[in-house]
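K.L.:
This structure is in structure tokens; I'll ask about it shortly.
Here, each number is a calculation from the coordinates, and none is a lab measurement. None of these values were measured; they are calculated from a predicted model. Using ideal geometry, Cβ is built from the backbone for each residue, glycine included, and neighbour counts are taken over all protein chains shown.
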């Protein structure tokens, strides 16, 4: 037959009826590239690669129409008809087929009893197509005329835009839900390093783009993306196969149809590539073209999403009763018959009635027409659990229910009150009822569309498994319900899954192995986030989960354990009496106290001797008492700090040392005055008698007492200092100064007195050697000042309890310096050279004693 342009019309399957619906199915999966010379009228080129599964979809539409026509409850008195064409799964062939579909006849008018039902379009609605790109082209065209287009397999998310595609509906969920399910599936099994493969159509492009975006939000990475061109060269296929084979990603997500995957999978199968876990989109997950033994080692274990399948009663018998016929409108069935049995048909009255074939005619036998379809093994007769066919079945019934509501003058519709004996309907009126259809199918499924013309999103997860006969079977191993609450959408029976190579162990696909607890992931510069190095957590930080990207800092006063997996209470640290350092310092303290007591006892026993008298015994005993207090105050720095030790230890330290230095200052002045007077007892010595000496001691001690009282107004207090915790995980217990300058004022005043003593003693350094106490005072002050000058930087830089040890050492060192330099020489004379302990020795008229 010829169309209005003089071109051969596409082969059709048609049935006359009162209302005709169109159908478009990809009976061939390889469409020719359009080559127009613009010198002659374009001709429709033949497609190749016959798909028996798509032919089953087409015959399911015919079966559904027959069921409706035999149903007395639905469209009573109205006969549905159809006109079905081959879309060849490409945009240009689909548009060619579509224009032939809508222009095949004039407007159909049928008298229905006392009513006249008149459709303003030769095709009231169209069921199709299988691929998203051709569907977009058709939906945009039909949308301009409000002619409903109901798709059974076009899943692209782009088709939800009702401003561009106002008359588009579908019985298959949008890819948006499938992508959500795929992302949940890969993350469920811990696959965060995958490759993707797609084709150039909208379905693949939108699907992979959305998958990549959502996958990245979950922390996943795509190692590579391959796009199979419409007509790939051998070099293209080899390059893509090299990428797949050499990649480290063991999981590959594929959005494509089976026809365009054949060449790539054939190349991979020929290379004997195994061990890859394929994740299939619904467009090829149930593809029988890829289940031949040639692909078993490559594709065994494939997982993917597909639509819930059902067993449709009567469908198998209907399919098996198909027979070729020379009648008009049966051309597609005749073509199927020749493809199925590899023969060519001849009818009486037509010596050579042929249809388009892929093989040369001279090698094909003649068909008898009585071949048995039940003996033929193909996806056409496999109706145990149909999925896409069920979507076609639902599409036909939704149109029938919408027509039933429309022609029943439903009072809720747009034609309210317009029913009359003359009844006309337009495509936009049918579209209104289609959008509002709501019924329950014979399988118990509620069928309706949301505001975007989308059905309820439900999927089955199927797994490619080999049976005992070596045939590939599609086994349901889970489900995904997009309408369920978050967290309950994905259901997987993991124990039922057979993985790639038939393994029972879940494969892994990672660029880097997740970091164990106690470490964190550190990304590699210039590489995806999934490629990282594992770095141990720093001291005081932990990570208690595998694959942590950050280490968690422990709370204050807690520390990380050696494995850096949990926080433990920090060890409290202070200078203890039980540790070695504490024992040594206590021993030195007691030694100093005992030595001071011994010297005090010696001085007391020989208090009437000239050497004791000459040194002002009262001042000497006060000096010995203050030195004893200096030694004892160091004990208040050892042990766990408490409120009272913190409060009194600096006070005891400051006052005892000031008393000690005041006594030395008095002794120095006494020595200077005594030896600068020509005769003992002169006026110069009398001016600085015992009362003046006591007054000077009290006067020099008073400022320190005031400073100490100031400190007691804001006393130091026990403090848990975590500053040094980062070094060794220990919490230092110390006394915190609320006003640190106060301590340095105390220390500064002690230093001032020491400097004055040193200066006065230095002035008396040339006194007669017979009694040069100023010399020993100079030595003691030099030791004292050297100790405390070196103390300040050592105290500031020492961590934790060592700062306390430095202060104790400074106290002991300076105390020992004073004790040894001032009193030991005198005890040496008193005990070992008593002959020098005479009055003459004190006045310089005897031999040297020092």
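K.L.:
Stick to Cα atoms and the Kirkwood definition of Rh, then tell me Rg/Rh for region 517-558. Each step should come with its number before you reach the end.
P.N.:
Numbers: Rg = 11.5 Å, Rh = 10.8 Å.
Across region 517-558, the Cα-based Rg/Rh ratio is 1.06.
K.L.:
Same structure, new question: Can you tell me which of 262-272, 548-558 comes out highest on packing, and rank the rest after it, using the mean Cβ neighbours within 10 Å? Before the final figure, lay out each step's value.
P.N.:
Working: 262-272: 17.2, 548-558: 15.5.
So the order, starting with the most tightly packed, is 262-272, 548-558.
K.L.:
Where the Cα atoms of the chain are projected onto their three principal axes, how long is each span, largest first, in whole Å?
P.N.:
Principal-axis extents of the chain (Cα, largest first): 166, 66, 53 Å.
K.L.:
Counting DSSP beta bridges with both partners in the chain, what percentage is antiparallel, nearest 5? Write down the numbers at each step before the final one.
P.N.:
Numbers: 48 of 89 bridges.
Here the antiparallel bridges make up roughly 55 percent for the chain.
K.L.:
Determine by what factor the alpha-carbon radius of gyration of region 132-177 differs from 2.2 N^0.38 Å, reporting the quotient. Numbers along the way, then the final one.
P.N.:
Working: Rg = 9.4 Å, N = 46, 2.2 N^0.38 = 9.4 Å.
Dividing the Cα radius of gyration by 2.2 N^0.38 Å gives 0.99.
K.L.:
When the Kirkwood radius is taken over all Cα pairs of region 554-603, what Stokes-Einstein diffusion coefficient follows at 37 °C and 0.692 mPa s, in µm²/s?
P.N.:
Values: Rh = 14.3 Å.
Taking Rh from Cα pairs, D becomes 230 µm²/s.
K.L.:
Let me ask you something else. Counting pairs of alpha carbon atoms under 8 Å apart in space and at least six apart in sequence, what relative contact order in percent does the chain give?
P.N.:
Details: 1535 pairs, mean separation 81.4, N = 850.
Relative contact order, the chain: 10 percent.
K.L.:
Moving on to the next point. Rounded to whole Å and ordered largest first, report the semi-axes of the equivalent ellipsoid of region 178-310 derived from its Cα gyration tensor (root of 5λ). Write down the numbers at each step before the final one.
P.N.:
Details: eigenvalues 89, 57, 46 Å².
Here the semi-axes work out to 21, 17, 15 Å.
K.L.:
Roughly how many whole Å is it from the C-alpha centroid of region 211-272 to that of region 557-590?
P.N.:
Spelled out, the Cα-based centre of one part sits 61 Å from the other.
K.L.:
Starting from the alpha-carbon convex hull of region 568-667, give the projected area averaged over all orientations, in nm². Don't jump to the answer; show the numbers that get you there.
P.N.:
Details: hull surface 30.8 nm².
Averaging across all directions leaves 7.7 nm² for the Cα convex hull.
K.L.:
Over region 211-251, with a single point scatterer placed on each C-alpha, what log10 of the ratio I(q)/I(0) does the Debye formula yield at q = 0.17, 0.27, 0.31, 0.34 1/Å?
P.N.:
The Cα Debye sum returns log10 ratios of -0.57, -0.93, -1.04, -1.13.
K.L.:
Run the numbers on region 519-569 and let me know its relative contact order in percent, using alpha-carbon pairs under 8 Å that are six or more apart. List each step's numbers first, then the result.
P.N.:
Values: 95 pairs, mean separation 16.7, N = 51.
Averaging sequence separation for qualifying contacts and normalising by length gives 33 percent for region 519-569.
K.L.:
Follow-up question, since we're still on this one. How would 821, 757, 633, 827 line up from fewest to most surrounding beta-carbon atoms within 10 angstrom?
P.N.:
Values: 821 20, 757 26, 633 23, 827 16.
The order, fewest Cβ neighbours first, is 827, 821, 633, 757.
K.L.:
What is the packing order of peptides 182-188, 559-565, 280-286, 311-317, taking the mean over residues of other C-beta atoms within 10 Å and listing the highest first?
P.N.:
Values: 182-188: 19.9, 559-565: 17.1, 280-286: 25.3, 311-317: 14.4.
Ranked by mean Cβ neighbours within 10 Å, highest first: 280-286, 182-188, 559-565, 311-317.
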